[in-house]
Structures are given as C-alpha cells and as structure tokens.
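What follows is one structure encoded as structure tokens, with my remarks underneath.
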Amino acid sequence: MNYISTRGAHKEGASSAYAIKTGLAADGGLFMPENIPQIDLEAIKDMSALSYPERAAKILSMFLTDYSYDELLCDAMAAYSADKFIPSPTPITELSGRKYMLELWHGPTCAFKDMALQIMPRLFTRALRKCGEEREALILVATSGDTGKAALEGYKNVPGTKIQVFYPIDGVSQVQKKQMQTQEGDNLSVIGICGNFDDAQNGVKRIFSDREFASKLDGEGVFLSSANSINWGRLVPQVVYYISAYCDMYSSGAIQLGEEIDVCVPTGNFGNIFACYIAKLMGLPVGKLVCASNKNNILTDFIESGIYDRNREFYTTMSPSMDILISSNLERLLYLLFGSERCAALMSELKENGKYALTADELRMVRESFVGYCTDENDCQATIKRIFENEKRLIDTHTSVAVSAAERYMSDHEARSAMLVVSTASAYKFAGDVLLSLTGAKPENDLDAPATLNALTGWQIPAPLSSALSGKPIHLDVYDKDDMDKAVCSFLFG
Ligand SMILES: *Cc1c(COP(=O)(O)O)cnc(C)c1O
C-alpha cells in the first residue's frame, strides 16, 4: 500500500513507514493511503472471535503493508495489554433507546488518546529502522494538558526514543500537572515553562527550525521529531476500535451481522470521527456519522452550510479537548471526496482568508455521511445530570456533548438504527465540572474533586488517576520560555 499527499505530492507513492516517520507530506498535506482496503461481513464475523490485539494486527496490516503481521501483533499485544487497559481496551455499555457507549478511556491516562498513543510510538520506532534511520529520536511536545501525558505514557521506555514535554506551568489543570509531574520512565523529561501554551508551542517550533542546533544533535546521534496528531500512525489505530466495536455488538446480540449502525463522536480535530469514516469506506455497515461539537461549533456550521469559517470567537469550555477552530483532519475528508487538486485549493483559501466554501454538490457529498450537532455548556451539564440520574452512568463533559447530540439526532430523524456513542474520557478526568453538573458546586481545589465525586457517586476512581493524585511529584524543573533549548541539552547531555 502506497501513501500520497492530500495535496498531490508523493505521486510515486511513499511507504507506510515513510509516512509514519515523516508525519507531514512534502507539500504540507497529510498522508493518505492510495486506496482503502475492503472488509466483508465474513471477515467481520471471523474477527469477532479474536482478541482486540489480534483484530488490531489484522486491520493495521491492511494499511501498513511494509510491516509484517507478526510485528503488528507484537506491538498491539504490548500496547493493549491487560495491565494497561483495565478491564479491557474498548468496553461497550448500553444506554436506553438503542444507544451504546464505546468507552475508550480505560488506558493509562483515562482518555481516548491512549488508544493511538500506546501503539504509535512502537510503529514509529519500527518506521525509523525500516527507513534506515540509525539515530535516536527525541520527541518534543508542547502541551496544554492531555496530549502531553498521553504521549509520555506512550513513549515511556520505548527503545530508540526519548521524549520531552513542555507545559505552561500555570496553564494546565492541577490534575493534569500532577499527572505529568508524577510520570515514571527512564527516557523522558517534563518541563514547566514560565509562559502560556503559545509560548511553549513557539519554543518547540523555534527549536525545530534551528539548523545549528539540529547539526549539533546530529553529531551526537540524535534527531528531533514530533508526536503530531495528524500523523497517519496516530490515525490508523483508531480505525480498529470501530470495527472491533461492531464485532462486539454483533457477538453480544445487540445487532445482526450486516445491520447498519449510526455513530456519534465528540469531535475536535476531526481525527476520531474520520477514523470511523474510513471504517465505513472499508465496508463496515455504518449509516450516519454524527459530528458532535461544543460551543466552538465550526464543524456544525460547516456540515450545515458548506462554509468553513475560522474567523469567529474562540470559547473556553468545560470540554477543552474539543476547543478547536482548525480541525486538521478534515483535510483528509476533503481529499477523499473531492481529490487532491480541489483539496489543495480549499486549504490555500483557508490559509489566506481563514475560510472556504463548498459548492452545493460538494456539500451534498459531505452530508451523505455526516450530520452535525452542537451542545452548549448548560445542555452539557444537564445531560451529565440526566444520564447519571436516569441511566446510572457517570459520563465526562466530552461524552456528554456526544450523548446530547446523539439523542437530538435520533429524535429529529426518528432513527431506528442502533447508535454507538463514543465516550472519550473518564468522568474523573474532568471531575470538577462533572461535580458542578451534578450538584451545582465544585471544590475550590481541583485536586479534591475526584475524591468528592467518588464520595457522592460511589463510582471508582480509575487506578492510574488515583495513583497519579497520590503520587510524589518528581518532575519539578521550570525553565523560562526563552531557555527551552537549554532544557533539551540538559536532558540529553546532563
Ligand atoms: C482529543 C479529544 C477529543 C477530540 O478528538 P479529535 O480526534 O481531535 O476529534 C474528544 N474528547 C477527548 C476527551 C479528547 O481528549
């Protein structure tokens, strides 16, 4: 399977290892497989008998053809082992009215990014070797919270790599800070920055573009890389859990083999929902994809009107992982539907004017598969409370946005298909706002919220989160925003 750019570069085709090693295509586009492999109902039926890592190895091997099945199985078994995903990687729970929740937050950081970031580092180190790269990779990450922790857990102790994470010392939640400061592993560094997230981000960009610094590192056998969310190696593992969820729904008798399901995804960067679209194109019986947004509803507007316009106010909400104005992976959808030339034109319009508009025909193509709903802060809180009281399930603020969207979609369309709602974080990860939703108040100190929520609901705090909360902070280094290169040198060379 060859990979090409959404904007037309790499016409001759790049290998999957090259796409994963490089991340971004030469023309600034994103890597996509040249064609979409197909599965039929027989294959789905056969996969139903397999474990999650076996399903993952099978599906990944259709896309990553320069990896052997055994390599992929080895990586999937290590990534999704029972000591990392408790009790299992992707349990499904039933809600009323033919709704099912796919819980993707049973991994080490209690949010769905673990599903990709547990396996991506393994695919990445293999990609380096397959491409003949002999140097060690230093992954640099600037984070406003969740990605940093998930990347640390993913790259922790992975041979041939080191990882260094920079976060704004006063710009992440207390819980997030504690999670990062207590991180264990012998190949990593966590640095607080005096500055905001943009300062941390700009600092990392500056280091990446510093040629002198790069050649100094090269002399020491090190090169810089990123764990970017647009890397194909982060996207393709997400296709797996949609097919796997369908297998599980079939096995449990929730659906018949071949029956269409609808899927609702709380969306930010459009990665998770796009992975579901790929599964649909592969032949998985998926009907509509409901794109759920919070108050930052640029995607709802886009799916409604065909106009993508980032010239708008940015809101900080209680579902911060969806507070996004540029959904990078949407580019992959534009490419699949309209081709690389049109995709490149739309992307350059977005760059120049901050907006673009589809034609009526193009919009119709988007709406064949997608429908958008947005949820405001009040509705998000009310949904958490209602689901807890009526269904005895504790959901987080992101999942709540999706549940609300799924309910409105089903009632607006008198939908009869089973609805799979994707649950992307443990309620304990956003315990303060979940408490606020349930009781109208939250503790002064963020760090007290999980225990208070636990006392109120009796729901167990996930083990990784409670051990982080009670753990001893070991990463306390703080650097000025202008001294981040010094932090890199100190980490690498002591
Ligand atoms: C990242 C994230 C999302 C958004 O997923 P995208 O792939 O960016 O659309 C939703 N919920 C949670 C909890 C997340 O961490």
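The values are calculated or read from the model by the stated rules, or taken from the named source; none is laboratory data. Please read these numbers as outputs of a predicted model, since none were measured by experiment. Every residue, glycine as well, gets a Cβ built from its backbone with ideal geometry; the counts of neighbours run over all protein chains shown.
Need pairs with beta-carbon distance below 7 Å; first residue charged (D, E, K, R) and within the range 334-357, second part of a loop (DSSP other than H, G, I, E, B); sequence gap 6+ or separate chains.
Partner pairs satisfying both residue conditions: E341/G8; K355/R310; K355/N311.
Given (1) farther than 19 Å from K205 by Cα; (2) touching a Phe, Trp or Tyr at 6+ places or on another chain (Cβ under 9 Å); (3) surrounded by fewer than 23 Cβ atoms within 10 Å (Cβ to Cβ); (4) not charged (D, E, K, R), identify the lone condition not met by L123.
Result: L123 fails condition (3) only.
Hey, which of the strands (runs of 3 or more DSSP E) in the range 276-389, taking only ones fully inside, have at least 2 residues that are at pLDDT 95 or above and within 14 Å of the ligand (Cβ to nearest atom)?
Per the criteria, 286-293, 370-374.
In the range 100-132, what count of residues is obtained for those that are touching a helix residue (DSSP H, G or I) at 6+ places or on another chain (Cβ under 7 Å) and farther than 18 Å from T267 by Cα?
15
One residue is enough: does the range 238-252 have a residue meeting the conditions within 30 Å of A200 (Cβ to Cβ) and within 12 Å of the ligand (Cβ to nearest atom)?
yes
Which condition from (1) within 19 Å of L123 (Cα to Cα); (2) at pLDDT below 95; (3) in contact with a Ser or Thr (Cβ under 6 Å, 6 or more places away or on another chain); (4) surrounded by fewer than 20 Cβ atoms within 10 Å (Cβ to Cβ) is the one that D27 breaks?
(1)
Filter the range 431-469 down to the residues that are farther than 22 Å from D379 by Cβ, of a type in the set (A, V, I, L, M) and without any contact (Cβ under 8 Å) to a residue 40 or more places away in the chain and list them by number.
A451, A455, I461
I want to confirm something. Restricting to the range 123-143 and keeping residues that are touching a strand residue (DSSP E or B) at 6+ places or on another chain (Cβ under 7 Å) and among the small types (G, A, S), which single residue is nearest to the ligand (Cβ to nearest atom)? Give the derivation first.
Initial filter on the range 123-143 (touching a strand residue (DSSP E or B) at 6+ places or on another chain (Cβ under 7 Å)): 125, 128, 135-143.
In the following step, the residues that additionally are among the small types (G, A, S) were identified as 137, 142.
On the way: A137: 23, A142: 15 Å.
The extreme case among them is A142.
Exactly one of (1) under 20 Å from M115 (Cα atoms); (2) crowded, with 17+ Cβ neighbours inside 10 Å; (3) not charged (D, E, K, R) is unmet by S5. Its number?
(1)
Answer yes if at least one residue in the range 200-221 is surrounded by 18 or more Cβ atoms within 10 Å (Cβ to Cβ), within 16 Å of the ligand (Cβ to nearest atom) and farther than 30 Å from M282 by Cβ, and no otherwise. Lay out the reasoning, then the answer.
In the first step, residues of the range 200-221 are kept if they are surrounded by 18 or more Cβ atoms within 10 Å (Cβ to Cβ); the result is 200-201, 203-204, 207, 217.
The next check asks that each one be within 16 Å of the ligand (Cβ to nearest atom); those that pass are none.
Looking through the range 200-221, none of the residues is surrounded by 18 or more Cβ atoms within 10 Å (Cβ to Cβ), within 16 Å of the ligand (Cβ to nearest atom) and farther than 30 Å from M282 by Cβ.
Quick check on my filter: what residues within the range 63-122 are within 13 Å of the ligand (Cβ to nearest atom), at pLDDT 95 or above and touching a strand residue (DSSP E or B) at 6+ places or on another chain (Cβ under 6 Å)?
L102, E103, W105
Looking at the range 135-147, is at least one residue surrounded by fewer than 22 Cβ atoms within 10 Å (Cβ to Cβ), of a type in the set (K, R) and touching a residue at least 24 places away in the same chain (Cβ under 8 Å)?
Checking the range 135-147: at least one residue is surrounded by fewer than 22 Cβ atoms within 10 Å (Cβ to Cβ), of a type in the set (K, R) and touching a residue at least 24 places away in the same chain (Cβ under 8 Å).
Does F430 satisfy the criteria of being within 22 Å of S321 (Cβ to Cβ), assigned to a helix (DSSP H, G or I) and modelled with pLDDT under 95?
Yes: the conditions hold for F430.
So is D262 away from the ligand (no atom under 16 Å from the Cβ), assigned to a strand (DSSP E or B) and within 22 Å of the chain's Cα centre (by Cα) or not?
Criteria met by D262.
Every residue in the range 154-205 that is assigned to a helix (DSSP H, G or I), aliphatic (A, V, I, L, M) and over 20 Å from P450 (Cα atoms), please.
Let us first name the residues in the range 154-205 that are assigned to a helix (DSSP H, G or I), namely 154-155, 174-181, 197-205.
Filter once more, so that each one left must be aliphatic (A, V, I, L, M): 175, 180, 200, 204.
Those that are assigned to a helix (DSSP H, G or I), aliphatic (A, V, I, L, M) and over 20 Å from P450 (Cα atoms): A200, V204.
Anything in the range 325-356 that is buried (at least 19 other Cβ atoms within 10 Å of the Cβ) and within 18 Å of S229 (Cβ to Cβ)? List them, or say none.
Scanning the range 325-356 gives S327, N329, L330, E331, R332, L333, L334, Y335, M347.
Any chance you could count how many residues in the range 394-444 are more than 16 Å from the ligand (Cβ to nearest atom), under 22 Å from M249 (Cβ atoms) and touching a helix residue (DSSP H, G or I) at 6+ places or on another chain (Cβ under 6 Å)?
So the count comes out to 1.
Please go through the range 219-238 and pick out each residue that is in a helix (DSSP H, G or I) and under 21 Å from Y155 (Cα atoms).
Step one: filter the range 219-238 for residues in a helix (DSSP H, G or I), giving 219, 232-238.
Residues satisfying the conditions are W232, G233, R234, L235, V236, P237, Q238.
I'd like to verify a number: residues in the range 390-417 that are under 24 Å from the mean Cα position of the chain (by Cα) and not in a loop (DSSP other than H, G, I, E, B), how many? Quick ask: steps written out before the conclusion?
Initially, the range 390-417 is screened for residues under 24 Å from the mean Cα position of the chain (by Cα), giving 393-407, 409.
Cutting the leftovers down to not in a loop (DSSP other than H, G, I, E, B) gives us 397-407, 409.
Looking only at that region, the number is 12.
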